[in-house]
Amino acid sequence: MTAVAAFEEGLGNAAAQYSDAFDAARDEPALRAANARYTGPNGLVTKLMKLMPELPKEQRRELGQRANQLKEEIERAFAQRLDGLLQAARLAELSGPSLDISLPGYGARRGYLHPLTRLKHELLDLFGALGFDIAEGPEVDLHENNFDRLGFPADHPATDMQDTFFMQQPPGVNPRATLLRTHTSTVQIREMLRRKPPLAVVSAGAVFRRDDDATHSPMFMQIEGFMVDEGVSFSHLKGVLTHFLQRLFGANVPVRFRPSYFPFVEPGGEVDVGCTLCRGYEVIHIPGQQPAALPGGSAEVCRACKGTGFMEILGCGMIHPVVFEHVGYDPERYTGFAFGMGIDRIAMLRYGIPELGLLYGNDPRFLTQL
Amino acid sequence: MLVSHKWLVELLEFDVAVDDVAKQLTSGGLEVEHVRRWGENLTGIVIAEVRGKKPHPSRDKLSLVTLFDGVAEQEVVCGASNVPDAGGLVAFARLGSTLPGGLKIEERKLGGVVSRGMICSEKELDIGADEDGILVIEKSRHTQPGAALADALDLRDTVYTLGLTPNRPDCLGHVGIARELCALIGDDNKAFTFPRPTSPRRLVQATSPLWQKSEHAFSLADQYGSMGAEPVKVSGIAPVSLQVSAPERCPRYGAALVTGVKIGPSAFVVRYRLHVLGQRAISNVVDATNLVLLGFGHPIHAFDLRKLRGSRIEVRLAKAGETMHTLDGQARALDADDLVICDGEGPVALAGVMGGANSEIGPGTEHVLIECAYFDPPTVRRTSKRTGLHTDSSHRFERGVDPSDVRAVLAHAAAWIADLAGGAVVPDALDFYAQPTTKAHVTFRRARAQALLGAEIDLARARAIFARLGCHVTPTAADTLAVTMPLHRPDLAREVDLIEEYARIVGYDTIATSLPNMRPSPEGTAPAIRFVRRVRESAASAGLWEAVNFAFVSPADHEKARVPASEARVANPMSEERSVLRTALLPGLLQNLVLSQRHAQKRFAGYEVARVFGANTDAKATLPSERYELGALLWGMRASSYDEREQLDFYDAKGMLESITHALAGVPVETVHDSSLDAQAPFLHPKRRGRVRVAGVDVGVLGELHPDIVNTYGLEGRPIYAALDVAALQHASEQVGVRKASPLPRFPASTRDLAVVVAEDVSAGEVASVLHDTAGTLAETVKLFDIYRGAPVPEGQKSLAFHVVYRDPRATLTDKLVDETHAKLTAIAEQRFRGTLR
């Protein structure tokens, strides 16, 4: 057979076969393999092209054109078939079975800030936004800072409000010289001794009292704030705390101020907010009559407010002049207010925590719920 | 403090509604915690007249009583032995009624006889404490058979529970509450008047002096005003002498005598009033003293005069070694700081706290000496604290009773005791008051009050309020008042106290709210405080959950966890378990892990950021050092998949630390060997731990827990612990400073791999760092990607495989340069680590 005849036969075979071969390919790799048999480096058409120099000069041009045409034809057919296969595969996936999306996700688990920390940060931020600085003080402090400078009279029942853990002292030292702070008000004294007005400071941290029952923990968290400047008034105290409490509990929650006693403030007060659990404040409560019921008509008395519709939330007042005298501020020139509240109780309310013990039990089954 | 509405109304001389009282007292700072209505749960309980009684046919202890209940005669079975004879009145629970305790009265067969109702005792009706027999009712015009018991005995009352603050001793009696209500809701022009004593029914006309001659004598007759008492002659009582030897502890001491009393139970009215106020009725004389305490808030004490040896009363400090028996039967060793009342031979009362058993009122008491005094509050408090005797009396004295009401209270007390117990008051009484208590004088400035409250002040209103609270007020210069404080208000001493009184009485709710002008402080929040918060947040971001453990732990836990012993001991811990302040966070987290394993949890990834306590550091060595530590404890299942076989190990912990230090300082964490950890971190596995370094600063330790500790705590697996010092971390972070951005590479990188077989004790970090150094600036990273052990690598060796990424930041690298550099790395790896290439 002449070179021309062989070439023609090759072209004929390729032209006759490729289409069936492509159709027979069921997926992309098979198609690519089939395509390689014609236009790949060792493919039929490629090999023919390599034979071109052996062809007689006068026919080389014509046969070359035919070979090129065939190659283009095959490439088109390949592209078309490939497109068809990919579309079919996509259609098959889109109409096929779903991924089992119920399997658990994996990868790093998120961590958790303790609910008390989270709330503490939130409270500090609320006051930070009002312009209060954050300060801290030691957990073991001097008797002076915890009691005397705050105006607690010696041997007075006011100190019964805070049963104290004292630190052991070496012989010869006053056995009551140092103690675990019973409130964060120690920071008031320390900051006022260290700085001059104007100042607005908020401080949060652990405090300690000798009390351990269903509603008391010997260590618990408190937040304390105070502001001293010329012209600070009780009206400002009410303004700042109302703003704060409504940010915390909701814009429409009622806030009630009533007189109370803490040795380091005068006038002193306590603040109640409407119970966020039963919203009993929406019903006018008359003392001595049926207390506010729980939502849903339950006959049970509300756990959070004991049916009064209000919850006692913080203590506050105008800083007592005796405190200013103890830290060297002129009480005629400066006035200020102070407030303090327990963080634990608010955390329990907010997160629906049924027992105080859970907050300090560090059971991961509890801590990773919130 | 329990307060009777009925009693308040008697004192106020005007009527007030219960709701107003509750609301006003709370708004005035005397928090009403609870309101209880009395006499309203007695429906169906009526007065019945006994018509006849006979023994029960079959039961010895029961009787059959025929009653007339106003409608019909009923036969009931009764177990009491004190059923009155025909004509007597009893409290009868009709069929269908319910007793306050919840018992429903129905027909019941008792020993074969049907009982149609029940005759009740005080206790069963909750109108008294007597349960020894049924309540026998005295006839009066209200006690017709069939009358409702609550009406017949006037049982309706409302009792408020007040939560009082310790600055208000004046409100520990009904008179004080009435005064307060008068200021809160009364007419501005009507001042409260202290109740005037009324004359007793019988007064003594003594045939001989009953007191030793004394400069402190006064006459009670002056207190009673109009007299009309029956004169009673008394003789045969030796004159009593009074001496106050410790006037600074006992500035005032009044005494009066009542003779010829007959001890017995009080009338029902008295017993019922005590009952609703939470007091148990004891005997007429004792009940009267309790009524005085509840009425005036001024405790008094009654001595049996016959029992006072030597007819003598002396008030003095106890002598060391002296003892006495208090009323509760306890023998008390006295302290030289205790104030005592003595007779001619020794202590008969612990002043202001409790009486002595030797001078107690008893069934045979005939003559009573009444004491009404003012004792130094801190003295009473110290004795009360020391002895653990917190009584109604000490509660009031330690807060400060009114020293000025002694004569009036004595007069009331003497009359009540005499009238309740059938005795006669001796008009001559004593009042030792050598140095009258000084009253505080204060100037109230309207401008000052306005500035402090941020509200307009009405000076006329202020004046009326102060007057009604018992102050003496005179206007002085324009816009000021001169105010003298009353002695019943020891809490009023300064101008600011009056400003509070004004605000309290007008109501805090009348003061408008406003926001202050905030002047920003130049100082701001200290970086250290903000850093602690970042530490907490970055640890949570790294996948750990935060624990909050108590600051106090047991010394044994410190020892068990091999952390330094604590020098910060609590002097009065609640238990040994919580008796020292922690020096490390490990003991707490270990406890948490133990519990977690006990609860069959599969994973533990806890951290805590809290203060740990060290030795006293300041010059005066008073306060322990406090520093923040970050402790993290990991154990159990790896979180990367739901495959529960993979366990967390050292590298998981290191990865978490890495995430934390990246967040805090922007640099990776290094862990380095340091043999000093044997001594400094004995709680870690000596072969699986290291010092943690960040930006060249040592910040803490990381490692598996020592197997001994795992064993002692009974733990499973291999927990990994890290303890970092927060201040050191902050220092490292400051060393790094604010990280600056680098431009992205503009030239391509070329990656070559290198595997080298080295001895087991050669660390991968060491190899990587030598490779990096050798390649110099051309190597962008040298990163371990595989560790292989096993054939064909010989025993005791491992194959470490690294990706080396080459890049020249200024030009495209040529293959030739990369090949040459990589060859140097290969050579050095063979030389330095005696490694062989794989």
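The values are calculated or read from the model by the stated rules, or taken from the named source; none is laboratory data. Source: prediction; values computed, not measured. Neighbour counts are summed over all protein chains in view; Cβ atoms, including those assigned to glycine, are modelled from backbone coordinates with ideal geometry. For the accessible areas, the whole protein counts, side chains as well, though only heavy atoms, and no ligand, DNA or RNA atoms are used. Shrake-Rupley method; radii C 1.70, N 1.55, O 1.52, S 1.80 Å.
Considering the stretch B:573-583, the residues that are facing chain A (nearest Cβ under 8 Å) and out of contact with any Phe, Trp or Tyr (no Cβ under 6 Å at 6 or more places or on another chain) include one that is most open to solvent (accessible area, probe 1.4 Å), namely B:574.
Considering only residues in the stretch B:535-567 that are away from chain A (no Cβ under 11 Å) and of a type in the set (Lys, Arg), the one that is nearest to residue B:725 (Cα to Cα) turns out to be B:562. Do we have any residue at all in the stretch B:700-709 that's open to solvent by less than 30 Å² (accessible area, probe 1.4 Å) and among the acidic types (Asp, Glu)? Within the stretch B:700-709, one or more residues are open to solvent by less than 30 Å² (accessible area, probe 1.4 Å) and among the acidic types (Asp, Glu).
Would the stretch A:41-54 turn up any residue that is loosely packed, with under 14 Cβ neighbours inside 10 Å, within 23 Å of residue A:5 (Cβ to Cβ) and in contact (Cβ under 8 Å) with a residue 40 or more places away in the chain? Looking for residues that are loosely packed, with under 14 Cβ neighbours inside 10 Å, within 23 Å of residue A:5 (Cβ to Cβ) and in contact (Cβ under 8 Å) with a residue 40 or more places away in the chain, one finds at least one in the stretch A:41-54, hence yes.
With respect to residue A:103, determine if the residue is within 9 Å of chain B (Cβ to nearest Cβ), free of Cβ contacts under 8 Å to residues at least 40 places away in the same chain and open to solvent by less than 40 Å² (accessible area, probe 1.4 Å). Taking the combined requirement at face value, the residue does not satisfy it. The helices (runs of 4 or more DSSP H) found wholly in the stretch B:493-563 and carrying at least 1 residues that are of a type in the set (Ser, Thr, Tyr) and open to solvent by 10 Å² or more (accessible area, probe 1.4 Å) occupy B:495-506, B:527-541. Per the listing A:154, A:89, the residue uniquely in contact (Cβ under 8 Å) with a residue 12 or more places away in the chain, loosely packed, with under 14 Cβ neighbours inside 10 Å and not in a strand (DSSP E or B) is A:89.
Remark: pairs (first residue in the stretch B:503-525, more than 7 Å from chain A (Cβ to nearest Cβ); second residue open to solvent by less than 60 Å² (accessible area, probe 1.4 Å) and of a type in the set (S, T, N, Q); Cβ separation under 8 Å; 6+ apart in sequence or on different chains) = B:507/B:27. Name the strands (runs of 3 or more DSSP E) wholly within the stretch B:26-134 that hold at least 1 residues that are more than 30 Å from residue B:176 (Cα to Cα) and open to solvent by 30 Å² or more (accessible area, probe 1.4 Å)? So the answer is B:45-55, B:63-68, B:73-78, B:108-110, B:113-115. The single condition among (1) open to solvent by less than 60 Å² (accessible area, probe 1.4 Å); (2) touching a strand residue (DSSP E or B) at 6+ places or on another chain (Cβ under 7 Å); (3) closer than 21 Å to residue B:688 by Cα that residue B:784 does not satisfy is (1).
Hey, could you check the stretch B:584-602 for residues that are within 21 Å of residue B:708 (Cα to Cα) and surrounded by fewer than 17 Cβ atoms within 10 Å (Cβ to Cβ) and say which is farthest from the chain's Cα centre (by Cα)? Out of the qualifying residues, it is B:598. Within the stretch A:230-239, identify whether any single residue is of a type in the set (A, V, I, L, M, F, W, C) and at the interface with chain B (Cβ under 7 Å from one of its Cβ atoms), and answer yes or no. Yes; the residues of the stretch A:230-239 include at least one that is of a type in the set (A, V, I, L, M, F, W, C) and at the interface with chain B (Cβ under 7 Å from one of its Cβ atoms).
Listed here are the residues, each with its yes/no results for (1) open to solvent by 20 Å² or more (accessible area, probe 1.4 Å); (2) among the acidic types (Asp, Glu); (3) under 30 Å from residue A:165 (Cβ atoms); (4) without any contact (Cβ under 8 Å) to a residue 40 or more places away in the chain.
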site: A:213; (1), (2), (3), (4): yes, yes, yes, yes
site: A:217; (1), (2), (3), (4): no, no, yes, no
site: A:220; (1), (2), (3), (4): yes, no, yes, no
site: A:242; (1), (2), (3), (4): yes, no, no, yes
site: A:252; (1), (2), (3), (4): yes, no, no, yes
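Pairs are defined by a Cβ separation below 9 Å, a sequence spacing of at least 6 or placement on different chains, a first member in the stretch B:9-22 that is facing chain A (nearest Cβ under 8 Å) and surrounded by 14 or more Cβ atoms within 10 Å (Cβ to Cβ), and a second member that is among the basic types (Lys, Arg) and not in a helix (DSSP H, G or I); the pairs so defined are B:18/B:37. If you go through the stretch B:153-169 and pick out every residue that is over 30 Å from residue B:492 (Cα atoms) and either within 11 Å of chain A (Cβ to nearest Cβ) or acidic (Asp, Glu) (or both), you end up with 3. Of all residues in the stretch B:585-610, those satisfying the criterion of being more than 16 Å from residue B:716 (Cα to Cα) and part of a helix (DSSP H, G or I) are B:586, B:587, B:588. Of the residues making up the stretch A:106-150, those that are more than 9 Å from chain B (Cβ to nearest Cβ), of a type in the set (Gly, Ala, Ser) and in a loop (DSSP other than H, G, I, E, B) number 1.
Looking across the stretch A:264-275, the residues that are within 8 Å of chain B (Cβ to nearest Cβ) and open to solvent by less than 10 Å² (accessible area, probe 1.4 Å) come down to A:267, A:268, A:269. Does the stretch A:184-196 hold any residues that are modelled with pLDDT of 95 or more and in a loop (DSSP other than H, G, I, E, B), and which are they? Within the stretch A:184-196, just A:184 meets the criteria. Taking helices (runs of 4 or more DSSP H) as the structural unit, those lying wholly within the stretch B:198-299 and holding at least 3 residues that are modelled with pLDDT of 95 or more correspond to B:268-276, B:284-296. Among the residues making up the stretch A:162-195, a single one is within 10 Å of another protein chain (Cβ to nearest Cβ), in contact (Cβ under 8 Å) with a residue 40 or more places away in the chain and open to solvent by 70 Å² or more (accessible area, probe 1.4 Å): A:163.
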